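A.B. asks: My structure is below; once you've seen it, I'll send some questions.
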Amino acid sequence: MIGQLIDGPLWYFSLAVFCLGVLFRFFTILRAGLKPDLAIPRAGGAAGALRNLFTRFVPRRDVATRGRLTLVAGYLFHLGLFALLFFARPHVDFYAERITGFDWPALPYWAFIISAEIAFIGLLLLWLHRLLHPVTRLLSTADDHIGTGLVFLVMLTGCLALAQSFEPLRLLHLFLAELLLIYFPFSSLMHTFTFVFSRGYTGAIMGRKGVNA
Amino acid sequence: MEHDFAKGVEELGRQIDSRIASYFSSCVHCGLCAEACLFYTETGDPRYTPIYKLEPMRRLWKEQHTFWGKFAVKLGLSKPLTEQDFADWEELVYDSCTMCGRCSMVCPVGNDIAYMIRKEREGFSTAGYSPVGMQEATHRALTIGSPMGVTLKTLKAALAHVEKDTGLKIPMDQQGADYMTLFSSMEIVNFPEYIESVARIFDAAGVSWTISSEAFEATNSGIQIGSHEAAGELVSRVVNAAESLGVKFVISPECGHAYSAIRWEGPNLIGRPYKFEIIHILELLDQLQKDGRLQLSGHTDTPLTFHDPCQIVRRGGVVGPPRDLLGKVASGFVEMADHGTMNWCCGGGGGVSANERAEELRLKVFDRKRKQLEELGVKTMVTACANCRIVLEEGIEDREMDVEVIGLTELVAEYLTTKSAQ
Ligand code: SF4
Ligand code: SF4
């Protein structure tokens with residue numbers, strides 16, 4: 001009964017909240033409005049926005065040194081999670097069945113394990129850093145910890161479910177993922193999408209000034 | 001300016017545009033921006049983390065633009081901003097930020113934190129929570145025409161000296177000249193050699209130029225304190241003078257924020273593009289030199305480096321010209337490890353140098369520049385901003401260093417091929 005709920009209606013409900021919530025967040029950003037820049041530009045804003053969207057994936061020299069731990073952990077976590085989310089065999093099958101209607105090559109089991117390890121190490125390091133470093137301690141809000149905690153639990157149950165092939169674990173994993181989907185649009189996890197706006201806006205204005213931001 | 005806390009909060013809310021909403025939405029509280037800010041790196045105080053300086057604005061954004069925030073307000077669970085919050089943050093917003101924009105270059109999600117601070121100051125200044133020194137400077141700029149109280153009479157006296165020393169006539173209110181030149185008060189009072197250099201260079205290059213008796217001040221205290229009304233008024237004085245003289249260009253002098261004020265913010269402040277163009281003095285010199293109108297001969301072999309004024313280079317986009325010019329007149333030019341758009345601020349921009357309360361902190365964070373200079377081992381630093389120059393000189397004196405600071409325009413003027421030598 002609960003299994004059916006998690007596998008069926010709750011999944012569709014959480015997906016709907018996620019999609020509508022994300023769209024609503026985009027709307028609230030755009031609704032705030034932006035006045036056109038009347039200064040004569042040196043170069044095009046669109047090119048600057050596009051450039052910044054990609055160049056920010058590469059850290060600048062001195063921050064790469066001073067913030068090495070955050071950067072390395074950040075890369076490990078994001079890359080590992082990306083691989084798990086889109087290339088773990090059960091996920092590929094799940095998306096093919098529920099969303100896309102087609103599948104794509106999945107990671108072999110050993111690559112799945114490596115991705116999971118990388119993601120876990122990254123996430124735990126980031127979380128520890130958040131808890132221990134004076135700067136991140138000062139900045140962090142309950143939302144940051146809830147988001148991190150939920151992602152952690154989803155990853156943990158997902159790995160256990162795959163390793164144990166145990167149906168209740170799969171359901172628990174799916175249930176937590178659904179909670180995450182519902183929580184997502186109302187949290188700073190939204191950076192997954194809004195970084196396109198923030199990098200874009202900054203890149204555009206700096207591009208107009210002729211600066212590679 | 002009228003001060004009112006409620007109006008300040010209202011103004012702060014009005015400043016939240018799509019850019020700011022996207023920035024707050026994207027911030028993951030990673031703390032990387034702290035590593036780029038000299039106020040944090042030199043003090044180790046986490047309160048100086050750039051995005052933390054935006055906490056009052058973030059709280060307002062949350063209340064007004066997010067689901068949880070609105071929900072909490074409805075349930076009476078959210079604590080609205082209080083005067084105490086403004087009082088507590090005033091130091092962070094004004095004393096510990098030069099709006100240098102270095103943090104804006106490193107944030108992984110691309111937040112332009114300096115832009116946010118600029119906007120946050122609008123709310124703070126409306127609420128009356130801004131440093132007295134900056135309030136007075138803005139008042140003087142609006143009433144006397146200069147933040148340092150420099151009047152037309154003072155300018156004329158400085159020009160008379162320049163005319164005597166150079167034997168050149170300085171054009172004033174010349175209708176139809178190509179270029180109208182602005183100066184910063186600091187140049188008029190502390191570095192008249194800048195004016196002299198400009199006069200000599202323009203004479204040698206045959207530039208048609210003028211100064212306006214109506215608007216000669218380049219600095220804009222309104223931008224620094226965060227008052228778009230004051231800033232707009234100061235910009236429109238220059239625009240009116242330039243348009244009534246019918247000039248093609250207005251030259252922004254060796255002053256950082258003056259350039260970003262008139263070049264990038266100005267048209268937005270007055271709500272229309274200008275009928276003339278803005279050019280920075282370094283851009284013009286570089287252009288004249290490339291066109292062959294500015295003939296230079298000889299160079300210095302002294303090892304020297306360049307301190308990039310943040311508002312001209314990182315925030316202004318004038319990155320190449322100072323380097324091209326130095327390449328012509330200084331064979332011993334070497335770059336600091338972090339230079340160009342990733343330079344470190346002098347510590348006194350964004351109105352910090354006009355804020356006496358911030359002096360101790362400013363001198364402390366000068367350590368960043370000291371370390372940069374010591375790493376490089378040069379004893380001469382060239383710059384292109386009168387404010388940077390004063391702040392650097394004070395820092396050098398305070399740290400008992402043996403380093404000389406010189407202005408780039410003056411250095412160029414030193415190697416001018418005089419007419420008689422041509
Ligand atoms: S670097 Fe950017 S994302 Fe990280 S805390 Fe600072 S503003 Fe937020
Ligand atoms: S703009 Fe400069 S001084 Fe201000 S917070 Fe950013 S790095 Fe620090």
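A.B. asks: Provide the per-residue ³J(HN,Hα) series for the range A:34-41, in order, calculated from phi with Karplus coefficients 6.51, -1.76, 1.60 and θ = phi - 60°, each as a whole number of Hz, with x at glycine and proline positions.
C.D. replies: Using θ = phi - 60°, the values come out as 8, 6, x, 7, 8, 6, 5, x Hz.
A.B. asks: For the range A:132-164 and the range B:277-312, what is the separation of their C-alpha centers, rounded to whole Å?
C.D. replies: If we compute the Cα centre of each part, the gap is 52 Å.
A.B. asks: Name the residue, out of B:77, B:392, B:12, whose mean-square fluctuation peaks in a Gaussian network model built on chain B with Cα pairs under 10 Å.
C.D. replies: B:77
A.B. asks: Oh, and also: Using the count of nearby Cβ atoms within 10 Å as a rough guide to exposure, how do B:10, B:196 rank from fewest to most?
C.D. replies: Listed from fewest to most nearby Cβ atoms, that is B:10, B:196.
A.B. asks: Ok, one more. From the phi angles alone, apply the Karplus equation (6.51, -1.76, 1.60; θ = phi - 60°) to the range A:50-61 and give each ³J(HN,Hα) in whole Hz, x where the residue is Gly or Pro.
C.D. replies: 5, 4, 5, 4, 9, 5, 5, 6, 9, x, 7, 3
A.B. asks: What longest region of chain A stays clear of chymotrypsin sites (Phe, Trp or Tyr not before Pro) that DSSP places outside H, G, I, E and B and that have at most 15 other Cβ atoms within 10 Å?
C.D. replies: A:103-165
A.B. asks: Now a separate question. Only Lys, Arg, Asp and Glu count, each charged at its Cβ (+1, +1, -1, -1), so figure out the dipole size of the range B:304-414 about its Cα centre, rounded to 20 debye.
C.D. replies: Approximately 440 debye in magnitude.
A.B. asks: Using a 10 Å cut-off on Cβ to Cβ distances, tally the other chain neighbours for every residue of B:31-44 and report the average as a whole number.
C.D. replies: 4
A.B. asks: If r is the Cβ-Cβ distance from residue B:295 to residue B:157 and R0 is 45 Å, what FRET efficiency results, to the nearest 0.05?
C.D. replies: Result of the calculation: an efficiency of 0.90.
A.B. asks: When you look at the Cβ of every residue in B:59-72, what mean number of other chain Cβ atoms sits within 10 Å?
C.D. replies: Averaged over the peptide's residues, the number is 2.
A.B. asks: Per residue of the protein assembly as shown, what 222 nm ellipticity follows from adding -39500 (n - 2.57) for every DSSP H run with n ≥ 4, rounded to the nearest 500?
C.D. replies: Helices in the protein assembly as shown give a 222 nm mean residue ellipticity of -17500 deg cm²/dmol.
A.B. asks: Follow-up question, since we're still on this one. Roughly what angle does helix A:9-31 make with the longest principal axis of chain A, taking Cα atoms, 0 to 90 degrees, to the nearest 10?
C.D. replies: For helix A:9-31, the angle is close to 10 degrees.
A.B. asks: Roughly how big is chain A's charge dipole about its Cα centre, with Cβ charges of +1 (Lys, Arg) and -1 (Asp, Glu), in debye to the nearest 20?
C.D. replies: 1300
A.B. asks: What does the charge count around residue B:403 come to, taking other residues whose C-beta lies under 15 Å from its C-beta (Lys +1, Arg +1, Asp -1, Glu -1)?
C.D. replies: Local charge sum for residue B:403: -3.
A.B. asks: With charges only on Cβ, +1 for K and R and -1 for D and E, what is the dipole size of chain B about its Cα centre, in debye, rounded to 20?
C.D. replies: Its charge dipole is roughly 1100 debye.
A.B. asks: Sticking with this structure for a sec: Please state the shape class of the range A:67-140: rounded when a/c is under 1.5, otherwise prolate if a/b exceeds b/c and oblate if not, all from the C-alpha gyration tensor.
C.D. replies: prolate
A.B. asks: Roughly what would the spin-label model give for residue A:164 and residue A:128, points 7 Å off Cα along C-beta, in nm?
C.D. replies: With each label point 7 Å from Cα toward Cβ, the separation is 2.6 nm.
A.B. asks: I've got another one for you. From largest to smallest, what semi-axes in whole angstrom does the protein assembly as shown give when each is the square root of 5 times an eigenvalue of its alpha carbon gyration tensor?
C.D. replies: Each semi-axis is √(5λ); the values are 51, 26, 22 Å.
A.B. asks: Give me the angle, in degrees from 0 to 90, between the Cα long axis of helix B:132-143 and the longest principal axis of the Cα atoms of chain B, rounded to the nearest 10.
C.D. replies: Here the helix axis deviates by roughly 60 degrees.
A.B. asks: If one computes the Cα centroid of the range B:10-67 and of the range B:125-142, what distance in Å separates the two points?
C.D. replies: 23
A.B. asks: With angles folded into 0 to 90 degrees, how steeply does helix B:228-245 sit against the dominant principal axis of chain B? Use alpha carbons for both and round to 10.
C.D. replies: Result, in degrees: 30.
A.B. asks: Let me know the shape class of the range B:135-291, please: from the alpha-carbon gyration tensor, a ≥ b ≥ c as square roots of the eigenvalues, rounded when a/c is under 1.5, otherwise prolate if a/b is greater than b/c, or oblate.
C.D. replies: The shape class here is oblate.
A.B. asks: Additional query: Along the charge dipole of the protein assembly as shown, which of A:205, A:141, A:78 sits closest to the positive end, that is, farthest toward it, with unit charges on the beta carbon of Lys, Arg, Asp and Glu (+1, +1, -1, -1)?
C.D. replies: Sorting the options by dipole projection puts first A:78.
A.B. asks: Work out the charge dipole of chain B with +1 on the Cβ of Lys and Arg and -1 on the Cβ of Asp and Glu about the Cα centre, then indicate which of B:18, B:181, B:250 is farthest towards its positive end.
C.D. replies: Comparing the listed Cα positions along the dipole, B:18 ranks first.
A.B. asks: Report the Cα centroid-to-centroid distance between the range A:29-89 and the range B:217-231 in angstrom, as an integer.
C.D. replies: 32
A.B. asks: Sticking with this structure for a sec: Given chain B, report the % of alpha carbon pairs whose separation exceeds 39 Å.
C.D. replies: 19
A.B. asks: Here's a follow-up. Work through the residues other than residue A:34 whose Cβ is under 14 Å from its Cβ and net out their charges, Lys, Arg +1 and Asp, Glu -1.
C.D. replies: Summing Lys and Arg as +1 and Asp and Glu as -1 gives +3.
A.B. asks: Quick one: Karplus J couplings for the range A:148-163, per residue in order, coefficients 6.51, -1.76, 1.60, θ = phi - 60°, nearest Hz, x for Gly and Pro?
C.D. replies: For the range A:148-163, the Karplus-derived couplings read 4, x, 5, 4, 4, 5, 4, 5, 4, 5, x, 5, 4, 4, 6, 5 Hz, x marking Gly and Pro.
A.B. asks: On to the next question. Once the dipole of the protein assembly as shown is set up with Lys and Arg at +1 and Asp and Glu at -1 on Cβ about the Cα centre, which of A:114, B:103, A:4 lies farthest towards its positive end?
C.D. replies: A:4
A.B. asks: Right, another one. Peptide A:129-140: average number of partner chain Cβ atoms within 10 Å per residue?
C.D. replies: 6
A.B. asks: While we're on this one: What trypsin sites (Lys or Arg not before Pro) does the range B:156-217 have in DSSP loop regions with at most 14 other beta carbons within 10 Å?
C.D. replies: For trypsin sites (Lys or Arg not before Pro) across the range B:156-217 that sit outside H, G, I, E and B with at most 14 neighbouring Cβ atoms in 10 Å, the list reads B:169.
Each reported figure results from applying straightforward, stated rules to the coordinates on display, with no laboratory input. Please read these numbers as outputs of a predicted model, since none were measured by experiment. Backbone-built Cβ (ideal geometry, glycine too); neighbour counts: all protein chains shown.
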